[in-house]
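Only one structure is covered here, and it is reproduced in the block below.
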Amino acid sequence: MDFQKIINEIYTTCNSETDKGKVANYIPELKKIDPTKFGICLNTLNNNTYGVGNFNEKFSIQSITKVFALTLALKLIGEKVWKRVGVEPSGDPFNSLVQLEFEKGIPRNPLINSGALVICDILVSNLKNPKEEFLGFVQKLSNNNAINFNKTVAASEKKCGFKNAAHINLMKSFGNIKNSVETVLDFYYHMCSIEMTCNELSSSFLVYANEGKLPYNNEEIISKSIAKRINATTLLCGLYDEAGNFAFKVGLPGKSGVGGGLVAIHPNKYAIAVWSPKLNKKGNSNKGFKALELFTTKTELSIF
Ligand code: GLN
């Protein structure tokens, strides 16, 4: 299959349509991003890379980082993670507080904000230098030591993060946050501020397509079984209250972030990342969604 030709066509088609989405504005630093940026990068497990548009430009990966955090938490404490967070899709927006009270501070899943905050609490408890070690882990997945936080973005989100503060305080009142609220929030904002290009992002997600092994040296990061579970969680919860539509139209485990990034994997085949900052009403990249829908339609390479 001529993947380069396919992604070029997708790029042209998506660019010819008017994008009614809006750039995330609740994090002041993210408001500044050029809304016309658009890149696609496909990395296959047989070592090929195909890119088009702004696929080598850094952007804020935001919630996509939650998959890396979950991976590290599972590595550190294994199944005990599931005592503190569930595995059910929430059917609600990523930052909704509604279910948290009914569920007594146990978030529905690790990919909504409340769930990711619990995962951050686990990481803070189990790492000596949480931020440095987390960054090191992500650098290892991406085989790239230049991956870094954007401290300006982290500080910008911290200033306006009233809703995340509400989540974590509510969970703390139920006893599901063990460390100080400030420490966990600081860690969370840093991990969300990590910047990657589409190429770096899809390369880092190849581990989930490769049964938990790093594609560049075959080192096992997580077992095949944990990789399967992470992919199941991503499929069901990665796009929040749009996860059903994403499975329906794209048919891959995928994860979005409010920076406009969207990444998806096909087990044993490939990882693909798209970046376009304009978001739809569910907080997912409009063009990103469309591009992936076209990709699995044209290639017939969905998991279903
Ligand atoms: N840092 C963002 C937040 O906490 C991440 C949300 C997202 O990407 N969906 O609101």
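The values are calculated or read from the model by the stated rules, or taken from the named source; none is laboratory data. Bear in mind that the values here come from a model prediction, so they are computed numbers and not experimental data. Glycine gets a Cβ as well: all are built from the backbone with ideal geometry, and neighbour counts include every protein chain shown.
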Unmet criterion (only one of (1) within 16 Å of the ligand (Cβ to nearest atom); (2) within 28 Å of Tyr270 (Cα to Cα); (3) modelled with pLDDT of 95 or more) for Leu117: (2)
Residue under evaluation Lys172, criteria (1) assigned by TED's automatic domain parsing to the domain that holds Ala227; (2) away from the ligand (no atom under 16 Å from the Cβ), criterion not met: (1)
Complete set of residues in segment 223-233 that are surrounded by 18 or more Cβ atoms within 10 Å (Cβ to Cβ), among the hydrophobic types (A, V, I, L, M, F, W, C) and out of contact with any Phe, Trp or Tyr (no Cβ under 9 Å at 6 or more places or on another chain): Ile226
Exclusive hit being in contact with a Leu (Cβ under 7 Å, 6 or more places away or on another chain), closer than 29 Å to Ser302 by Cβ and without any contact (Cβ under 8 Å) to a residue 60 or more places away in the chain, set Ala69, Ala73, Ala24: Ala73
Among residues of segment 251-264, those that are over 12 Å from the mean Cα position of the chain (by Cα) and either surrounded by fewer than 24 Cβ atoms within 10 Å (Cβ to Cβ) or within 14 Å of the ligand (Cβ to nearest atom) (or both), counted: 1
Qualifying residue in segment 214-223 (condition: over 25 Å from Asn150 (Cα atoms) and small (Gly, Ala, Ser)): yes
So Leu279, is it touching a residue at least 60 places away in the same chain (Cβ under 8 Å), surrounded by fewer than 22 Cβ atoms within 10 Å (Cβ to Cβ) and not aromatic (Phe, Trp, Tyr): no
Residue among Ile77, Ile61 that is in contact with a Cys (Cβ under 8 Å, 6 or more places away or on another chain) and modelled with pLDDT of 95 or more: Ile61
Subset of segment 164-198 [within 14 Å of Ile64 (Cα to Cα) and surrounded by fewer than 23 Cβ atoms within 10 Å (Cβ to Cβ)]: Tyr189, Glu195
